[in-house]
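Data first, discussion second: the structure below is written as structure tokens.
What follows draws every value from the coordinates through simple rules; no lab data is involved. Computed from a predicted model, the values in this text were never measured in an experiment. Neighbour counts are summed over all protein chains in view; Cβ atoms, including those assigned to glycine, are modelled from backbone coordinates with ideal geometry.
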Amino acid sequence: MSSMAERAERAGIPVHTFDLENDQRFGVDPFAVWDEAASVAPLFYSPAGRGFLVAADYDTVKTVLQNPRMWSNLPSTITYTKEDVEMDVPPITMDPPQHTAYRKALIPLFSPRAVAPLEPRIREIAHQLCDEIEEAGECDVMRDFAGRLPAQFFLEWLGLAEGDVRRMYQLAQAATFDFPTQEQRTAIEAEINGIVGASITARRAEPADDLATAFTHLRVDGEPVEEGLLVGMATLAFIAGQETTSTQFGWMLWHLGRVEEDRRLLQERPEVIPDAIEELMRVYNTGGPAGRVAAADGELNGYPVRAGDRLFLARCGADRQTDRQVQLLRTPNRHSAFGLGIHRCLGSHVARIEMRIGLEVWQERFPDYRVPADFVPQFRWGSFMQQLVSLPVELSPATVA
């Protein structure tokens with residue numbers, strides 16, 4: 001049987017080395033790397049790692065994500081790494097019909113109706129963090145606000161003891177921004193599962209009004225969920241609920257702290273913040289890496305697919321390709337920041353509320369903040385996203401106590 005590289009050559013599919021693990025440019029300007037990939041072709045072959053296809057425009061990404069029968073997300077090795085590292089994070093790593101049943105059971109936990117009562121607590125936390133910043137008189141947004149608001153809220157909602165919060169944050173960072181070996185990833189997931197599992201066990205004995213308690217009542221097709229699977233789903237909620245939101249929120253404040261015109265627009269018209277969030281997610285899509293494995297023979301953009309072929313979804317570049325300029329009032333807004341198709345992010349409502357409230361409170365409390373003109377950003381990147389390492393901002397004396 002011919003190799004992926006051989007079939008790509010015969011089909012006229014371009015070859016471009018896209019190396020998420022080793023390309024140091026991700027630490028200098030990650031979006032330039034994504035834009036470069038998107039400019040190669042809608043579909044190309046990368047010889048990096050073990051070799052894989054790259055879907056690099058919105059329509060190709062959408063085609064793959066909306067065809068789970070062809071492109072499976074069952075537990076498998078990460079498609080773009082040199083070493084074989086398997087990842088199993090249910091319900092993401094499920095295919096229909098199993099995925100359909102589990103997603104149906106989980107939707108009520110994260111629906112707008114379930115999330116709306118949480119808004120006052122999110123706003124309260126945001127103001128508390130701003131109080132601390134005012135008292136300090138200085139701020140690193142990633143350390144003091146964007147990184148803390150989602151983590152503090154979500155870990156509280158998940159019913160974790162306060163002593164577990166710092167360790168869970170460290171574990172989420174390792175799972176998201178490192179390229180661990182199989183042994184290291186297994187150890188990270190085991191420790192997270194242990195902490196989350198203990199919270200679920202505690203809530204069975206003493207129920208509370210939180211997400212951990214809701215997980216204890218979860219039923220799929222009327223039956224209780226097996227404990228290991230239940231903990232795995234709660235663990236995914238924990239990682240996605242804090243790390244991805246804080247990272248995305250940081251990019252938003254980075255943009256607004258540099259572009260006064262956009263910052264002023266949101267101050268003068270706070271009602272457009274929801275539209276602005278969609279646009280900033282599109283241009284600064286942090287959910288870059290995602291992979292699929294072909295479940296059957298077929299065809300994609302003229303490439304003869306064979307079962308077992310590895311494919312990487314360059315969603316960040318694909319979203320930016322439509323327009324790399326920020327237009328905060330853009331509507332409708334096509335983007336894949338929360339995914340597309342059956343695996344679209346279950347927690348999107350929670351993330352949107354956190355970012356909306358966070359922006360509302362931040363703009364209210366620090367209307368004249370700005371990123372210093374001499375600030376040189378540094379980025380961390382890893383197996384699932386790219387993030388600002390730090391983001392110092394200058395606060396107007398009028399807004400600092």
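Things worth noting here:
- Cα Rg, Dmax (largest Cα-Cα span) when computed across segment 4-399, Å: 20.9, 65
- Model label sites at residue 219 and residue 261, defined 7 Å from Cα along the beta-carbon direction, differ in position by 5.6 nm.
- Model label sites at residue 226 and residue 88, defined 7 Å from Cα along the beta-carbon direction, differ in position by 0.8 nm.
- Other residues within the sphere of radius under 9 Å centred on the Cβ of residue 310, judged by their own Cβ, net out at +1 (K and R +1, D and E -1).
- For the chain, built as a Gaussian network whose Cα springs stay under 10 Å, the top-fluctuating residue of 377, 332, 47: 332
- Charge context of residue 114, other residues only, Cβ under 13 angstrom, K/R +1, D/E -1: -2
- The HN-Hα couplings worked out from phi for segment 325-332 by the Karplus form 6.51 cos²θ - 1.76 cosθ + 1.60 (θ = phi - 60°) are 8, 7, 10, 4, 9, 4, 7, x Hz, whole numbers, x standing for Gly and Pro.
- Of the DSSP H helices in the chain, those with a Cα length along their own long axis of 27 Å or more and a mean Kyte-Doolittle hydropathy reaching -0.5 comprise 182-205.
- Taking the charge dipole of the chain about its Cα centre, with +1 at Lys and Arg Cβ atoms and -1 at Asp and Glu Cβ atoms, the residue from 396, 129, 290 reaching farthest to the positive side is 290.
- Net charge, residue 86 excluded, C-beta distance under 15 Å - Lys, Arg +1, Asp, Glu -1: 0
- Helical contribution to [θ] at 222 nm, DSSP H n ≥ 4, -39,500 (n - 2.57), averaged over the chain, rounded to 500: -14500 deg cm²/dmol
- Build a GNM of the chain with springs between Cα atoms under 10 Å apart, and of 183, 156, 260 the one that fluctuates most is 183.
- Choice from 114, 237, 205 with maximal GNM fluctuation in the chain (Cα, 10 Å cutoff): 205
- On full extension, the segment bounded by residue 307 and residue 100 gains 72.2 nm, given 0.36 nm per residue less the C-alpha separation.
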